[in-house]
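S.K.: Sharing a structure with you now.
The values are calculated or read from the model by the stated rules, or taken from the named source; none is laboratory data. As the structure is a prediction and not an experimental result, all values here were calculated from the model. Neighbour counts are summed over all protein chains in view; Cβ atoms, including those assigned to glycine, are modelled from backbone coordinates with ideal geometry. Ligands, DNA and RNA are excluded from the accessible area calculation, which covers all protein heavy atoms including side chains. Shrake-Rupley method; radii C 1.70, N 1.55, O 1.52, S 1.80 Å.
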Amino acid sequence: MDEKFYKQLFEQQHLRKAVPSNNVVAGWAERLICLLYPQLDTCSFSSEQEVRDAMENLRSDLLTILQKTAAASEPFDPRQVMQDFFEQAPEILRLLNTDVQSIVDGDPAAQSAYEVIRVYPGFYALCFYRIAHTLHRLGVPLIPRILTEHAHSRTGIDIHPGAEIGEHCFIDHGTGIVIGESAKIGKHVKLYQGVTIGALSVSKDMARTKRHPTIEDHVVIYSGASILGGETVIGSHCVIGGNVWLTKSAPPGSVVYHTPEIIVEEGKLLTQ
């Protein structure tokens, strides 16, 4: 290799921003989630003061992450963001508890809340999403995407931190779910694997517009369905069947499905 190539690599080192690594950012969130849900970890605390100390360490570490991020991007007030985030920690926990309950109530295979918290990928993805969404609303760049992309890599569930998701969200199985940046999802919504709540083909100049659908309360969307477009509204108590491709709104209480032709020739091979 010629010297020009090595010089190029070296120069890139000077352009590297000081934002902590993705592993450091995700590791901070993992520690917070394990403090909220000790079922996920083997650590234990012998006193309330130890819990307070662990939370204080999380506060300090988040401040460090935010300070380095602010220095490498559009400026924001790291200390104020840190304080605002932890003031909202009880609400994050409340929302996640509703998500756990929705899975326990809605999935016949779920044996307990402990099982949901410990092993369900939908709950894991929602944990990272709800933390990331809070930071996103506080104006933090990059870090929210690092968090949701970590969960995406672990679960196959891709939720943009800008999406708005109400309480009692139930993600069943989850693999292949995509929820876009400007999607709005109401309360008590159930999503199965392979669902896309996405945008129609749009240009870059529409980045600040609503490009993704609105899903109102008590909607069920079965596997493989794609619901697209910023003007698309799925009314409350709708059921969207599997593999539906939908680019227009559905009024409340609708059942939306398609009817492919499937032929079953019973016993045909046995008679040959």
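S.K.: Using Cα-Cα distances under 8 Å and only pairs 6 or more residues apart, what relative contact order does the stretch 1-157 have, in percent?
M.R.: Relative contact order, the stretch 1-157: 26 percent.
S.K.: Work out the count of Lys pairs in the chain where the Cα-Cα distance is under 29 Å, with the pair 8 or more places apart or on different chains.
M.R.: Final tally of qualifying lysine pairs is 15.
S.K.: Please list 35-43, 166-174 highest first by mean number of surrounding beta-carbon atoms within 10 Å per residue.
M.R.: 166-174, 35-43
S.K.: For q values of 0.24 Å⁻¹, compute log₁₀ I(q)/I(0) with the Debye formula on a Cα-only model of the stretch 1-111, without solvent.
M.R.: Treating every Cα as an identical point scatterer, log10 I(q)/I(0) equals -1.34.
S.K.: Here's something else I'd like to know. What does the chain give for Rg and for Dmax, in Å, if only its C-alpha atoms count?
M.R.: Values for the chain (Cα only, Rg and Dmax): 21.9, 76 Å.
S.K.: Spin-label point model (7 Å from Cα, Cβ direction): what's the residue 47 to residue 210 distance in nm?
M.R.: 5.2 nm
S.K.: Could you state the orientation-averaged shadow area of the convex hull built on the Cα atoms of the stretch 192-250, in nm² to one decimal?
M.R.: Its Cα hull, projected and averaged over all orientations, spans 3.9 nm².
S.K.: Any idea how far the Cα center of the stretch 156-217 sits from the one of the stretch 118-138, in Å?
M.R.: First find each Cα centre; the distance between them is then 13 Å.
S.K.: So, for the chain, what is the accessible surface per residue at a probe of 1.4 Å, expressed in square angstrom?
M.R.: I get 56 Å² per residue for this part.
S.K.: As an exercise, take the mean of 1/r over every pair of distinct alpha carbons in the stretch 121-262, invert it, and state the Kirkwood radius in angstroms.
M.R.: For the stretch 121-262, the Kirkwood estimate is 15.0 Å.
S.K.: Also, quick follow-up: May I ask you to order 258-266, 124-132 by the average number of other C-beta atoms within 10 Å around their residues, highest value first?
M.R.: Descending packing order for the listed peptides: 124-132, 258-266.
S.K.: Relative contact order for the stretch 135-197: what is it in percent, counting Cα pairs under 8 Å that are at least 6 residues apart?
M.R.: Relative contact order comes out at 29 percent.
S.K.: Relative contact order of the chain, please, whole-number percent, based on alpha carbon pairs below 8 angstrom and at least 6 residues apart.
M.R.: About 10 percent, as a whole number.
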